[in-house]
Amino acid sequence: MAIDTGAIGTELPPQSLTIDRGRLRFFAKAIGENDPVYTEVDAAKAAGYQDLPAPPTFLFSVELENPDPFVFLSSLGVDLRFVLHGEQSFTYHQIAYAGDELVARPRIVDIYSKKGGALEFVVKETAITRTDGTPIADLRSVIVVQNPGVTA
């Protein structure tokens with residue numbers, strides 16, 4: 001079943017997250033980041049940061065705070081068993097720090113297919129801001145959906 005391109009432009013529900021130091025330390029450990037700037041406040045301040053900075057890919061996790069972060073795909077009729085992570089990119093405006101209250105505002109910006117509909121692509125962009133509206137980063141992700149009933 002083809003994904004309805006009428007969903008292009010759909011704004012998804014915003015997601016909020018307050019970044020705490022423990023979460024940043026855990027994330028740094030999970031990705032194998034050994035620089036103490038990401039785990040020790042004194043090291044971060046000595047390096048000129050106001051607090052622990054969020055590691056570069058941490059912002060992807062803001063949307064995962066939703067109890068069902070992929071509900072938007074289900075609402076498009078996508079069978080999650082056939083979903084692949086296609087690509088991900090970040091455009092940074094400012095550093096996010098421990099203590100920041102962030103808001104993620106995702107939007108579906110494109111839906112297209114390749115290989116005669118055997119593969120469909122959902123492109124989502126997410127603006128991450130502080131609660132006061134200060135831009136932090138723009139995220140872009142491409143989700144690939146395999147349609148097993150379609151042969152190219």
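Residue-level analysis places D51 among those that are among the acidic types (D, E) and in a loop (DSSP other than H, G, I, E, B). Restricting attention to region 1-32, the residues being in contact with a helix residue (DSSP H, G or I) (Cβ under 8 Å, 6 or more places away or on another chain), farther than 21 Å from P106 by Cβ and either small (G, A, S) or at pLDDT 95 or above (or both) number 5.
Of all residues in region 105-118, those satisfying the criterion of being at pLDDT 95 or above and hydrophobic (A, V, I, L, M, F, W, C) are I108, V109, I111. For T91, the stated conditions do not hold, so it cannot be described as among the hydroxyl-bearing types (S, T, Y), in contact with a strand residue (DSSP E or B) (Cβ under 7 Å, 6 or more places away or on another chain) and surrounded by 19 or more Cβ atoms within 10 Å (Cβ to Cβ).
Which fully enclosed strands (runs of 3 or more DSSP E) of region 63-152 have 2 or more residues being acidic (D, E)?
101-114, 119-130
Taking the condition of being among the charged types (D, E, K, R) and more than 11 Å from the chain's Cα centre (by Cα), how many residues in region 88-106 meet it?
Narrowing region 88-106 to residues among the charged types (D, E, K, R): 100-101, 105.
Going one step further and asking which of them are more than 11 Å from the chain's Cα centre (by Cα), we end up with 100-101.
Of the residues in region 88-106, 2 are among the charged types (D, E, K, R) and more than 11 Å from the chain's Cα centre (by Cα).
The single condition from (1) closer than 27 Å to G133 by Cβ; (2) in contact with a Leu (Cβ under 9 Å, 6 or more places away or on another chain); (3) without any contact (Cβ under 8 Å) to a residue 12 or more places away in the chain; (4) not charged (D, E, K, R) that G48 fails is (2). Among the residues making up region 52-79, a single one is crowded, with 16+ Cβ neighbours inside 10 Å and charged (D, E, K, R): E63. Give the number of residues within region 8-35 that are of a type in the set (D, E) and either exposed (fewer than 12 other Cβ atoms within 10 Å of the Cβ) or touching a His at 6+ places or on another chain (Cβ under 6 Å) (or both). Of the residues in region 8-35, 1 are of a type in the set (D, E) and either exposed (fewer than 12 other Cβ atoms within 10 Å of the Cβ) or touching a His at 6+ places or on another chain (Cβ under 6 Å) (or both). Considering (1) under 24 Å from R23 (Cα atoms); (2) surrounded by 13 or more Cβ atoms within 10 Å (Cβ to Cβ), the lone condition that G117 does not fulfil carries the number (1). Being free of Cβ contacts under 8 Å to residues at least 60 places away in the same chain and within 22 Å of I136 (Cα to Cα), is that true of even one residue in region 94-116? Within region 94-116, one or more residues are free of Cβ contacts under 8 Å to residues at least 60 places away in the same chain and within 22 Å of I136 (Cα to Cα).
The values are calculated or read from the model by the stated rules, or taken from the named source; none is laboratory data. This structure is a prediction, so every number in the text was calculated from the model and none was measured. As a convention, Cβ positions derive from the backbone with ideal geometry for all residues, glycine included, and neighbour counts pool all protein chains shown.
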